[in-house]
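Shown next, in structure tokens, is the structure this report addresses.
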Amino acid sequence: MGPASLIQSLRDAQRIVALTGAGISAESGLATFRAAQTGLWSKFKPEDLATADAFRRNPKLIWDWYAWRREQALKAEPNAGHLALAEMEKRAPQFLLVTQNVDGLHSRAGSQNIVELHGNVHRALCSENNCSSDNFDVEHGRCRSCGANLRPDVVWFGEMLPPAALQTAIAAAEKCDAFFSIGTSSIVYPAADLWRRAAEHGAIVIEINKDLTPLTPMASYSFLGKAGEFLPELVTAVWDKKKIHESSGAD
Ligand code: BV8
């Protein structure tokens, strides 16, 4: 199936779901989850840090890692890929953005209908009780109400995803006409299962990623490249051309 049929399928699509991973924030200057980390964090593997066990062993180290990632995210700007998805949401009849990212860049880009499967690094929780965040000493990572350590409001390996977020993502994947998998290595579950649910219900699956992934051979379309370059072109080809087409009446 060539690009022309993809463009037509996307124009006809009533419901579109886009799953994103760290790759869509790469062009904003944020290291992807599995890329080598810079500076003082370079000696740690993210998979080893993003666990409740690591936090239990060394809450300050983990709190400081997330404070660093929060700072990086706040210094970063949404890129053309984030903006193209915010545009796609405006053009498609129904659109849901399902992100694995915790950096908050999609909402800063203007996306509204967002499900954060793995939480958000800009929110914190009391690690021992469900104390209100009004009383958090974020500077020192302490809960003033009960004295416990704060933790980032993100899903660590071995932890359950927020049930409502996961259910919303699954329901949307099972109903959509087109499912995008963008900037993700497609190896973290249950997020990496969503494309299959879409495909099993007849959706076309479009991957946009810089490297090959386990999804690549299974996708209806797979574009190897940068999301920040490819997505704006795709949105223009599908929706802007259509507008010109309708107004000129050209057949
Ligand atoms: C659960 C939040 C169970 C924190 C994250 C076998 C062994 C051990 C465990 C498991 C196993 N099988 C399944 C599991 C469970 C595990 C899992 O899937 N492990 C994997 C590694 C095998 N899953 C879990 O633990 C989940 N919970 O299953 O709980 C349970 C059930 C019931 C009751 C109790 C418990 C929880 C998963 C969530 C973990 N938290 N993050 C934080 O961010 O610090 S996951 C982490 O990986 C990030 O959130 C990230 O989003 C996610 C996926 O990574 P990617 O986003 O894909 O990033 P990555 O760097 O990998 O890839 C980036 C891609 O972008 C690359 O492919 C690159 O080519 C591309 N790219 C780069 N630049 C660009 C680009 N693409 C386009 N344009 C560019 N410019």
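Let's see how each residue does on (1) farther than 24 Å from ALA191 by Cα; (2) crowded, with 17+ Cβ neighbours inside 10 Å; (3) over 23 Å from the mean Cα position of the chain (by Cα); (4) of a type in the set (S, T, N, Q):
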residue: ALA52; (1), (2), (3), (4): no, no, no, no
residue: ARG57; (1), (2), (3), (4): yes, no, yes, no
residue: LEU61; (1), (2), (3), (4): yes, no, yes, no
residue: TYR66; (1), (2), (3), (4): no, yes, no, no
residue: ALA73; (1), (2), (3), (4): no, yes, no, no
- Among all residue pairs at least 6 apart or on different chains, which show Cβ distances below 7 Å where the first residue, located in the stretch 147-173, is farther than 25 Å from PHE55 by Cα and the second is at pLDDT 95 or above and not aliphatic (A, V, I, L, M)? ILE170/ARG197; ALA173/PHE179; ALA173/ARG197
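Take the stretch 120-143 and flag every residue that is part of a strand (DSSP E or B) and either in contact with an Asp or Glu (Cβ under 8 Å, 6 or more places away or on another chain) or under 18 Å from THR51 (Cα atoms) (or both).
Let us first name the residues in the stretch 120-143 that are part of a strand (DSSP E or B), namely 120-126, 136-137, 142-143.
ASN120, VAL121, HIS122, ARG123, ALA124, LEU125, CYS126, CYS143, listed by residue number.
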- Out of ALA35, ALA109, report the one residue that is within 20 Å of SER181 (Cβ to Cβ), surrounded by fewer than 14 Cβ atoms within 10 Å (Cβ to Cβ) and of a type in the set (A, V, I, L, M). ALA35
- When the stretch 209-229 is checked residue by residue, the ones that are within 21 Å of SER25 (Cβ to Cβ), of a type outside the set (Gly, Ala, Ser) and in a helix (DSSP H, G or I) are THR216, GLU229
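Please work out if GLU116 is in contact (Cβ under 8 Å) with a residue 24 or more places away in the chain, closer than 22 Å to PHE230 by Cα and of a type in the set (Asp, Glu). Before you say what the answer is, go through the steps one by one.
On the way: in contact (Cβ under 8 Å) with a residue 24 or more places away in the chain: yes; closer than 22 Å to PHE230 by Cα: no; of a type in the set (Asp, Glu): yes.
Criteria not met by GLU116.
Would you list the helices (runs of 4 or more DSSP H) that sit entirely within the stretch 1-119 and hold 3 or more residues that are within 23 Å of SER222 (Cβ to Cβ)?
Numbers: elements: 3-12, 46-49, 52-57, 59-75, 80-91, 105-108.
It comes to 3-12, 80-91.
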- Query: Residue check: is LEU234 over 15 Å from the mean Cα position of the chain (by Cα), farther than 21 Å from HIS122 by Cβ and within 14 Å of the ligand (Cβ to nearest atom)?
  - Reply: yes
- Message: Kindly evaluate THR20 against the criterion of being under 14 Å from the mean Cα position of the chain (by Cα), within 11 Å of the ligand (Cβ to nearest atom) and within 23 Å of PRO162 (Cα to Cα).
- Response: yes
- Item | Cross-chain or 6+ apart pairs with Cβ under 6 Å, the stretch 54-81 first and closer than 16 Å to ALA148 by Cβ, then part of a helix (DSSP H, G or I) and of a type in the set (Phe, Trp, Tyr) | ILE62/PHE55
- Please state which of the following conditions LEU212 fails to meet, knowing it meets all the rest: (1) free of Cβ contacts under 8 Å to residues at least 24 places away in the same chain; (2) away from the ligand (no atom under 16 Å from the Cβ). (2)
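Rundown of residues vs (1) within 16 Å of the ligand (Cβ to nearest atom); (2) assigned to a loop (DSSP other than H, G, I, E, B); (3) crowded, with 17+ Cβ neighbours inside 10 Å; (4) under 15 Å from the mean Cα position of the chain (by Cα), yes/no style:
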| site | (1), (2), (3), (4) |
| --- | --- |
| SER145 | no, yes, no, no |
| PRO152 | yes, no, yes, no |
| ALA165 | yes, no, yes, yes |
| GLU174 | no, no, no, no |
| SER185 | yes, yes, yes, yes |
| GLU207 | yes, no, yes, yes |
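In the set LEU40, LEU6, LEU10, which member is away from the ligand (no atom under 16 Å from the Cβ) and at pLDDT below 90?
Working: LEU6 fails: at pLDDT below 90; LEU10 fails: at pLDDT below 90.
Testing whether each residue is away from the ligand (no atom under 16 Å from the Cβ) and at pLDDT below 90 leaves just LEU40.
The values are calculated or read from the model by the stated rules, or taken from the named source; none is laboratory data. The shown structure was predicted, so the numbers you read here are calculated from the model rather than taken from an experiment. For neighbour counting, all protein chains shown are included, and Cβ atoms are generated from backbone atoms with ideal geometry for every residue, glycine included.
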